[in-house]
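Peer 1: Shown below is the structure under consideration.
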Amino acid sequence: MNKLEKYIENGVVFIDKNSVWIEESVQIGKGTVIEPNVYLKGNTVVGENVTIGFCSEIINSEIGDNVNIRHSVVTDSKIGEGTNIGPFAYIRPNCNVGKNVKIGDFVEIKNSNIDDGTKLAHLTYVGDADVGKNINFGCGTVVVNYDGRRKYRTVIEDNAFIGCNTNLVSPVKVGKNAFTAAGSTITEDVPENSLAIARERQVNKKDWVLKR
């Protein structure tokens with residue numbers, strides 16, 4: 001009996017077993033569904049009732065129960081139960097993602113801790129950060145962790161709300177229940193329960209087009 005047949009006997013479902021590549025060291029729990037063109041490598045452990053969508057690659061990672069991964073790459077990281085990854089997410093090495101987290105489309109995280117219930121829905125980069133529980137990241141958020149020579153960490157505490165197109169220039173801390181206004185570049189710590197606005201005031205030049 002080959003490796004795939006053993007998985008099937010243990011309750012793993014392959015949509016097309018001829019189009020997957022699973023290395024001998026990989027462990028997969030019962031009730032998990034593996035779609036076509038999936039590559040599982042190294043010391044990967046996949047929990048029970050997981051769905052790994054087509055064209056996903058998972059390397060040396062631990063995937064908890066009831067996780068859904070769609071068209072994404074996970075490397076040297078841990079994903080907690082009930083979390084949704086993708087489509088088109090990139091989980092780089094040394095990430096610890098908690099339970100019931102949303103890592104959405106075109107989101108990249110690296111060397112970061114993301115606690116339970118946090119949502120990074122789309123078009124966001126989080127690198128070298130410690131992110132608390134129940135935080136919402138607006139579209140286009142960037143943790144600016146590299147100054148060209150050194151990398152720094154950012155801390156975002158529980159229940160914060162990061163507005164769309166926020167730049168968090170590390171090292172910086174956003175306190176509990178704090179908000180950042182959309183379009184802000186945050187270079188100083190934001191106290192808990194505060195709103196940080198860091199952008200130029202809008203100026204409208206009346207009839208500028210006509211005068212031009």
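Peer 1: Spot the failing condition for ARG70; the list is (1) under 19 Å from the mean Cα position of the chain (by Cα); (2) surrounded by fewer than 18 Cβ atoms within 10 Å (Cβ to Cβ), and only one is missed.
Peer 2: (2)
Peer 1: Got a sec? Which of LYS133, LYS119, LYS78 is among the basic types (Lys, Arg) and more than 12 Å from the chain's Cα centre (by Cα)?
Peer 2: Answer to the check: LYS133.
Peer 1: Looking only at the range 170-193, how many residues end up being surrounded by fewer than 16 Cβ atoms within 10 Å (Cβ to Cβ) and among the polar types (S, T, N, Q)?
Peer 2: 4
Matching residues to (1) touching a Cys at 6+ places or on another chain (Cβ under 9 Å); (2) closer than 25 Å to TYR7 by Cβ; (3) in a strand (DSSP E or B):
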| position | (1), (2), (3) |
| --- | --- |
| PHE54 | no, yes, no |
| GLY82 | no, yes, no |
| PHE106 | no, no, yes |
| LEU123 | yes, no, yes |
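Peer 1: If you check ASP158 against the conditions, is it in contact (Cβ under 8 Å) with a residue 24 or more places away in the chain, of a type in the set (Asp, Glu), surrounded by fewer than 20 Cβ atoms within 10 Å (Cβ to Cβ) and assigned to a loop (DSSP other than H, G, I, E, B)? Full working, then the answer.
Peer 2: Numbers: in contact (Cβ under 8 Å) with a residue 24 or more places away in the chain: yes; of a type in the set (Asp, Glu): yes; surrounded by fewer than 20 Cβ atoms within 10 Å (Cβ to Cβ): yes; assigned to a loop (DSSP other than H, G, I, E, B): yes.
It is true that ASP158 is in contact (Cβ under 8 Å) with a residue 24 or more places away in the chain, of a type in the set (Asp, Glu), surrounded by fewer than 20 Cβ atoms within 10 Å (Cβ to Cβ) and assigned to a loop (DSSP other than H, G, I, E, B).
Peer 1: Pairs please, first residue from the range 30-44 and farther than 13 Å from ILE63 by Cα and in contact (Cβ under 8 Å) with a residue 12 or more places away in the chain, second anywhere and part of a strand (DSSP E or B) and among the charged types (D, E, K, R), Cβ atoms under 9 Å, 6+ apart in sequence or on different chains.
Peer 2: As it stands, the answer is VAL38/GLU57; TYR39/GLU57, since those pairs meet every condition given.
Peer 1: Sticking with this one: Return the residues of the range 10-26 that are in a strand (DSSP E or B), surrounded by 14 or more Cβ atoms within 10 Å (Cβ to Cβ) and not β-branched (Val, Ile, Thr); say none if nothing qualifies.
Peer 2: Restricting attention to the range 10-26, the residues satisfying the condition of being in a strand (DSSP E or B) are 13-14, 21-22.
With the extra rule that they be surrounded by 14 or more Cβ atoms within 10 Å (Cβ to Cβ), the set shrinks to 13-14, 22.
Matches in the range 10-26: PHE14 only.
Peer 1: Go through the range 142-179 and give me each residue that's over 17 Å from HIS122 (Cβ atoms) and of a type in the set (S, T, N, Q).
Peer 2: ASN145, THR154, ASN159, SER170, ASN177
Peer 1: OK, next. Name, by its number, the condition in (1) closer than 20 Å to SER72 by Cα; (2) crowded, with 18+ Cβ neighbours inside 10 Å that does not hold for PRO36.
Peer 2: Among (1) closer than 20 Å to SER72 by Cα; (2) crowded, with 18+ Cβ neighbours inside 10 Å, the lone unmet condition for PRO36 is (2).
Peer 1: In the range 114-142, which residues are surrounded by fewer than 19 Cβ atoms within 10 Å (Cβ to Cβ) and among the aliphatic types (A, V, I, L, M)?
Peer 2: ALA121, LEU123, VAL142 - these are the residues of the range 114-142 that are surrounded by fewer than 19 Cβ atoms within 10 Å (Cβ to Cβ) and among the aliphatic types (A, V, I, L, M).
Peer 1: Now for a different question. Does the range 181-212 hold any residues that are among the hydrophobic types (A, V, I, L, M, F, W, C) and in a strand (DSSP E or B), and which are they? Before you say what the answer is, go through the steps one by one.
Peer 2: Of the range 181-212, the ones among the hydrophobic types (A, V, I, L, M, F, W, C) are 181-182, 186, 190, 195-198, 203, 208-210.
Answer for the range 181-212, where residues must be among the hydrophobic types (A, V, I, L, M, F, W, C) and in a strand (DSSP E or B): ILE186, VAL190, LEU195, ALA196.
Peer 1: Let me ask you something else. Confirm whether GLY148 is assigned to a loop (DSSP other than H, G, I, E, B) and either over 28 Å from GLU62 (Cα atoms) or small (Gly, Ala, Ser) (or both).
Peer 2: Taking the combined requirement at face value, the residue satisfies it.
Just so you know, all these numbers are worked out from the coordinates, no wet-lab data involved. What you are looking at is a predicted structure, and each value in this text was computed from that prediction instead of being measured. When we count neighbours, we look across all protein chains shown, and the Cβ atoms used for this are built from the backbone with ideal geometry, even at glycine.
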